[in-house]
Structures are given as structure tokens and as C-alpha cells.
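First comes the structure, then the notes that go with it.
The values are calculated or read from the model by the stated rules, or taken from the named source; none is laboratory data. All values reported here derive from a predicted model rather than from experimental measurement. Neighbour counts run over all protein chains shown; Cβ positions are idealised from the backbone, glycine included. SASA here: full protein model, heavy atoms, side chains in, ligands and nucleic acids out. Shrake-Rupley method; radii C 1.70, N 1.55, O 1.52, S 1.80 Å.
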Amino acid sequence: MTELDIQDLLRRYKAGDMTEEEAVHQIRSIPFEDMGFAEVDHHRELRQGFPEVIYAAGKTKEQVSSIMQSLCQRSRGNLMATRADREMYQFVHRRLPQVVYDETARMIYVDRDTSLDRDPSRPILILTAGTSDIPVAEEARLTAYLWGNCVKTCYDCGVAGIHRLFAHLPEIREARVIIVIAGMEGALASVVGGLTDKPVIAVPTSVGYGASFQGLAALLSMLNSCASGVSVMNIDNGFGAGVLASKINRMR
């Protein structure tokens with residue numbers, strides 16, 4: 001429920017178009033809806049400007065479908081379920097035909113908010129060190145897009161071929177926020193951090209051989225970056241990077 005919904009409800013009650021019992025029934029679900037297996041936060045859109053996002057991993061397809069249907073009915077913004085597989089999507093799609101699935105980003109979503117202004121003069125740029133980092137990058141890209149941003153991408157431009165990164169200096173200079181996604185040794189975030197005065201959000205990925213320790217080596221490299229203005233997300237957390245970049249980009 002958004003501020004507009006609350007204003008509309010109060011006007012209708014004040015005008016006598018609904019009874020006190022009807023108004024209470026609608027207000028009752030504003031804090032959250034207790035579904036037994038989940039307490040869906042319908043107040044989040046009012047607090048943060050975006051409906052609750054479903055983390056699908058570990059949930060059954062029935063649970064994801066029920067939560068998404070509830071959010072669809074009680075919110076206005078775009079909907080997202082992250083870390084979902086195709087089988088889950090097919091189940092949800094039978095009950096909610098408007099959902100779409102992005103195989104690479106592993107995300108079920110509904111892009112329905114026509115009020116969003118994806119301003120091309122304030123782009124978010126996503127860079128990856130390698131092609132293997134693209135699934136995490138696509139999660140970040142789709143998240144930032146659904147939150148209302150213009151998003152640009154430059155993939156496979158890591159430090160092993162530094163000339164590939166320098167070819168994208170115009171995009172780096174133009175971006176308002178930069179997300180850098182890298183596995184292996186995670187050095188790309190420090191290099192980009194030294195090339196720009198914009199905020200850099202670094203995302204380590206679990207890409208790499210044994211001593212990368214499923215992304216821990218890249219995480220520690222990024223946390224120890226000598227470049228100023230680099231913040232670091234958790235391993236493989238493209239969603240978190242997309243949200244943070246969106247919040248930064250909304251600031252004026």
C-alpha cells in the first residue's frame with residue numbers, strides 16, 4: 001500500500017463511500033499479512049518506495065507463488081523473486097500470467113510500474129571482470145532497472161587485459177554509480193575506483209579456482225582496496241548491489 005492508496009482510503013471513508021468496518025479491513029493488512037509460513041511486509045512499499053522482494057531459494061514454489069500473488073494484489077510497484085529456477089517460474093506463471101523469467105539473472109519479475117523515469121542522463125554502469133561473472137551482473141542489472149534506473153553494461157573487461165577496460169573510459173566517466181563485479185583475485189574494483197570520482201560498489205563472485213575459496217579471496221581483496229570510495233557487497237550479491245546503486249542514484 002502506497003501513500004496514494006492511504007489518501008484514497010481516507011477520502012472514501014470521509015465521504016461515506018465505505019463503512020468503518022470496510023476501512024479497518026483494508027488497513028489491517030498494512031503492517032504485514034500473516035500467511036503462516038511468511039509474514040508479508042505490505043508496509044515496505046510505503047517505507048522504502050518498493051514492494052518486498054522475495055528470496056526464492058529455500059522456499060517451495062507454492063510459497064513463492066502465494067507471496068507473489070499477495071504482493072501483486074496489495075502493491076503498485078514492480079515485483080521480484082530472486083534466485084528462482086525455471087520450474088518455479090512455470091508454477092508461478094500458471095497462477096500469475098503476467099510474470100516474466102530471466103534465466104541468466106535467475107529472477108521472476110513483473111515490470112508494471114509505468115511511473116518510473118529511467119533518466120538516461122543518470123546511468124548506472126555495471127562492469128564485470130569476466131564472462132563467468134555475468135549471472136551476478138545480470139541480477140544487479142535487472143534489479144536496478146526494475147527500481148527505475150537507466151542501466152548500461154560492459155562485460156569481460158578485467159585486469160588480465162587492462163586495455164579492454166580502458167576502451168570503456170567514456171562509459172565510466174558518464175556513469176553516476178558504478179557496480180564492479182569480479183571473481184578470481186577481484187582486482188578490478190580497485191582499478192575502477194582509481195579511475196572515477198563516482199561511488200563504486202564492488203561485488204565479489206564465487207568464480208575462480210581452489211584458492212579463491214568460493215569468492216572469499218575476491219571479497220578480502222575488495223575489502224582491502226586502496227582506492228577511495230569503494231564499498232563492498234557480499235559474495236555473489238548482485239541484488240544488493242542493484243538496490244544500493246538505485247538508492248544512491250535517487251539522491252540529488
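Give, in nm to one decimal, the length gained when the segment between residue 14 and residue 34 is fully stretched (0.36 nm per residue of separation minus the Cα-Cα distance).
Result: 4.3 nm gained on full extension.
How much accessible area per residue does segment 108-195 have, counting only protein heavy atoms and a probe of 1.4 Å, in square angstrom?
About 39 Å² of surface per residue is accessible.
Tell me which residues come under 5 Å, amide H to amide H, from residue 181 once H is placed; ignore anything under 5 positions away on its chain.
Hits under the 5 Å cutoff: 127, 128, 129, 203.
Hey, can you list the DSSP H helices of the chain whose Cα span along the axis is 15 Å or longer and whose average Kyte-Doolittle score is at least -0.5?
134-146, 238-250
Need one number: nm distance between label points at residue 7 and residue 104, each 7 Å from Cα along Cα→Cβ, rounded to one decimal.
If labels sit at residue 7 and residue 104, their model points lie 4.0 nm apart.
Distance in nm between label sites at residue 60 and residue 163, each 7 Å beyond Cα in the beta-carbon direction?
Once both label points are built, they end up 5.7 nm from each other.
Can you tell me how much longer the chain between residue 76 and residue 21 gets when fully stretched, taken as 0.36 nm per residue apart minus their C-alpha distance, in nm with one decimal?
Fully extending the segment from residue 76 to residue 21 adds 17.4 nm.
Quick check: at a probe of 1.4 Å, how many percent of the accessible area of the chain sits on carbon and sulfur atoms?
Summing carbon and sulfur atoms, their accessible area is 52 percent of the total for the chain.
Separation of segment 6-83 and segment 159-216 by C-alpha centroid, Å?
So the two Cα centres are separated by 37 Å.
Say each of residue 197 and residue 248 gets a label point 7 Å from the Cα, pointing the same way as Cα to Cβ; how far apart are those two points in nm?
Result for the modelled spin labels: 1.5 nm.
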